[in-house]
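Written below as structure tokens is the structure these notes are about.
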Amino acid sequence: MNKSRSRGFDRHSLDELGMLRAVVEAGSFVRAGEALGLTQSAVSRAVARLESRIGVRMFHRTARSISLTDEGRRFYESVAPHLEAIEAATIEAGGSSARVRGRLRVNVDESIGQFVLTPRLEPFLAQHPDLFVEIAIRDRMGDLVGEGFDVAIRFGQPEPSALKARLLMRTRIITCASPAYIARHGLPRHPRDLEKHRCVLMRDPSTGSHFGWEFVRGRKTLPVNVSGQLMVNGGGPLLAACLGGQGIAQLIELYARDLVADGRLVQVLPEWAEETYPLYAYHHSAQFMSARVRAFLDFVIALTRESSSNGGERRARRDSEA
């Protein structure tokens, strides 16, 4: 038996695990060393000792990049929550008033990042001055642990992940056009009318084609075969094209409703707008959640609850005025 692999868990093991975490979060040995105040070689040697100790190769190394091996990813997914818990317990035991601190990496899709999260983040950052938040926009969630993310906030059905998925809210999908487009091409009266209109399409990253369009009214779901000359891969370009009169688009009500309310967009077929789209948060289990992740989730939960409530109030007011 390899004696190095038979050693039990000790202080050196914890130090090595901490350096492993730093490398995963930083994405390189050089940046991990800078964050820890150590040299690149010191970090590399610590990770090598850990690999020898447990008999697992953690990283694929090239001259320009590193990435977790499959075995390394599974190992890190197992130990990362415990390291977070140790950090949180240490802060708690120390009685620090700045418990929410450090670096928080958040994986988001473009719509939530551009229209919902970053415009409203200032109060959260002001409340936690020792926290640094990195918002990274991705068209797909990917490997959160392998890429060093702490949490993800994403629209759509839950994706396979070692992390927990928590439903934050459901927002409607609404079909919209600019007043200029309606003036030129007329207002569709039925979902099938859209087959004769120019539509702005959203690219589905899983297929390379555009997302299908469906219209929901009560128990009836009606798919419609739409077409157009423009396909985009983000909520920002989709909204801009719709505002620019380039066609009819299906938008997330969470960020489009203010534009409808002030007249910059016209909602098309509102009686066929019962389709909803879920927003999920992905994170480690609550038992092992760090203080910064917990604080961020509390903020996002309150933010989405307020947004959902405001949307319901607007719909009720509009219905009563009608």
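Read the figures in this text as sums done on the coordinates, not as results from a lab. Keep in mind the model is a prediction, meaning the values are calculated, not measured. A quick note on method: Cβ atoms are made from the backbone with ideal geometry, for glycine too, and the neighbour counts reach across all protein chains shown.
What does the charge dipole of the chain about its Cα centre add up to, to the nearest 20 debye, if the Cβ of each Lys and Arg holds +1 and the Cβ of each Asp and Glu holds -1?
Details: 44 positive and 37 negative charges, 90 e Å.
Dipole about the Cα centre, nearest 20: 440 debye.
Provide the FRET efficiency to the nearest 0.05 for the ARG189-GLU122 pair, computing r from the beta carbons and using R0 = 45 Å. Calculated transfer efficiency: 0.55.
Considering only SER209, SER67, SER307, the mean-square fluctuation computed in a Gaussian network model of the chain, springs between alpha carbons under 10 angstrom, is largest for SER209. Among complete DSSP H helices in the chain, those whose alpha-carbon atoms stretch at least 20 Å along the helix's long axis and whose mean Kyte-Doolittle hydropathy reaches 0.0 are 11-26.
A run of the chain free of exposed loop cleavage sites, with trypsin sites (Lys or Arg not before Pro) counted only in DSSP states other than H, G, I, E and B and at most 10 other beta carbons within 10 Å, reaches its longest extent at 65-188. Comparing ALA126, ALA249, ALA152 in a Gaussian network model of the chain, where Cα atoms under 10 Å apart are tied by springs, the biggest mean-square fluctuation is seen for ALA126.
Computed from the C-beta positions of ILE86 and THR207, the FRET efficiency with R₀ = 45 Å rounds to 0.60.
Subtracting the Cα-Cα distance of ALA302 and LEU222 from their residue separation scaled by 0.36 nm leaves 25.4 nm. A simple count of charges around ILE248, restricted to other residues whose Cβ falls under 14 Å of its Cβ and scoring Lys, Arg +1 and Asp, Glu -1, yields +3. Remark: spin-label model distance GLN229-ASP15 equals 6.6 nm, labels positioned 7 Å along the Cα→Cβ axis. Hey, in the GNM for the chain with a 10 angstrom Cα cutoff, which one of SER41, SER111, SER308 fluctuates hardest? Judging by the Gaussian network model, the answer is SER41.
The residues packed around GLY27, meaning those with a beta-carbon under 13 Å from its beta-carbon, carry a net charge of +1 if Lys and Arg are +1 and Asp and Glu are -1. Percentage of Cα-Cα pair distances in the range 146-202 greater than 18 Å, rounded to whole percent? Tail of the P(r) past 18 Å holds 57 percent of the pairs.
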